[in-house]
Amino acid sequence: MEVLTEVDRGRIEALRARDEFFWLDLASPSDADLDVLGEVLGLHELALEDTREFGQRPKVDRYSEAVLLVFWTAHVSADGAGVDMIEIHLHISGGYLFTARRAPCSDLEALHDMLVPEGTREEEYIIYRVLDDLTDAYYPVVDHFEERIDALEEMVLNDTDRQQLAEIYRLKQQVLTVQRRVASQRDQFGQATEAILGLPGLTHGSRPYLRDIGDHLAQVTQELYRQADDLGALTSTYFNANANRLNRLATRLTVLATFFLIWTLVTSFFGQNFGWLVREIDSLKAFLIYDGIGLVIPTILAAIYFWRRRREWL
């Protein structure tokens, strides 16, 4: 099997004449390239039109001699702050595999050199390897989401902050974006498998390779659903933790206000012009005894009470 990364009309026609299966992988193909491939590969005009216009949802289109599969994969962005979704158009027939994309895809590029030495003649296996690598690329994305969720959960439980809530919502949007793509591909992959295996001239492997991809898509979808639920629960945890923090702050202010209430009450009482107070408290010693007892004893009693109840309130 040969792997091509550019449109070489003579080479493609020679491979077609020998009925030799090949893989053509193009990054950002031009309209001229697609026109040539439409003639050489006999691509349906609707399939060509779809490949000229990216930004489509996952889908499977059957034609008489080929199948168009719009497949999405994902990678963690270079800065680690988000996820890059990559749209791949796979034109599959019994004589070739043509993939087109508008963005770099390291998984496909790594397969260029890996598939040729394997020298397999099972064409279904070649298609499986391409789709399997695109699907397995979701697992690092799932792990990336899991690490960010765990980190956010730890920060929320330690101390809430408004930025955390914004980060939770941003992460949830990223998870839901990936989830919608993968769930759609999972739902359609049974139909895609049937269409691919029914292609005339496509040699099949010794085991049902493509069914493994459907299982992987189901696993990834379940993980993304769980992570979306975890983020929803984390939002509730944030509000509960924030409410608890505000309650603790209000409790501390109440305790402090109680002490000031005691001190204000005692000092204001001794500040009154009662006759007995004026006659009896006529020295610094008497003032310190009466005022000190009136301040210290209630303060100590209040402090003991609050200290014994501190686990309930603080």
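The values are calculated or read from the model by the stated rules, or taken from the named source; none is laboratory data. Please read these numbers as outputs of a predicted model, since none were measured by experiment. Using ideal geometry, Cβ is built from the backbone for each residue, glycine included, and neighbour counts are taken over all protein chains shown. In case anyone asks, the SASA skips ligands and DNA or RNA and just uses the protein heavy atoms, side chains included. Shrake-Rupley method; radii C 1.70, N 1.55, O 1.52, S 1.80 Å.
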Per residue accessible area in Å² of the chain, where ligands, DNA and RNA are left out and the probe is 1.4 Å: 54
Heavy-atom accessible surface of the range 1-68: percent carbon and sulfur, 1.4 Å: 41
Helix runs (DSSP H) in the chain reaching 15 Å along axis by Cα, Kyte-Doolittle at least -1.0: 106-118, 123-136, 138-158, 162-197, 209-270, 284-308
Most positive-pole-ward Cα, HIS204, ALA183, ALA233, against dipole of the range 170-234 from beta carbon charges: ALA233
Charge dipole magnitude, Cβ of K and R +1, D and E -1 - the chain, Cα centre, debye nearest 20: 2720
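Rounded to the nearest 500, what is the chain's calculated 222 nm mean residue ellipticity when only DSSP H runs of at least 4 contribute -39500 (n - 2.57) each, over all residues? Walk me through the intermediate numbers first.
Details: 11 runs with 208 residues, N = 314.
Helices in the chain give a 222 nm mean residue ellipticity of -22500 deg cm²/dmol.
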Gain in span if fully extended, GLN222 to ARG309, counting 0.36 nm per residue against the direct Cα distance: 26.8 nm
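For the range 1-149, give the magnitude of the charge dipole about the Cα centre (Cβ charges: +1 Lys/Arg, -1 Asp/Glu; no others), in debye to the nearest 20. Could the numbers behind the result be given before it?
Values: 13 positive and 33 negative charges, 47 e Å.
Dipole of the range 1-149, to the nearest 20 debye: 220 debye.
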About the Cα centre, charge dipole magnitude for the range 88-159 (Lys/Arg +1, Asp/Glu -1 at Cβ), debye: 600
Principal axis dimensions, largest first and in whole angstrom, of the chain by Cα: 124, 38, 31
Förster radius 41 Å - calculated FRET efficiency between LEU261 and ARG162 (Cβ-Cβ, nearest 0.05): 0.80
Dipole of the chain, positive end: most advanced residue of ILE304, HIS144, VAL3 [Cβ charges, Cα centre]: ILE304
Peptides 102-109, 173-180 ordered by average Cβ neighbours within 10 Å, highest first: 173-180, 102-109
Share of Cα-Cα pairs in the range 1-68 lying beyond 16 Å, as whole percent: 50
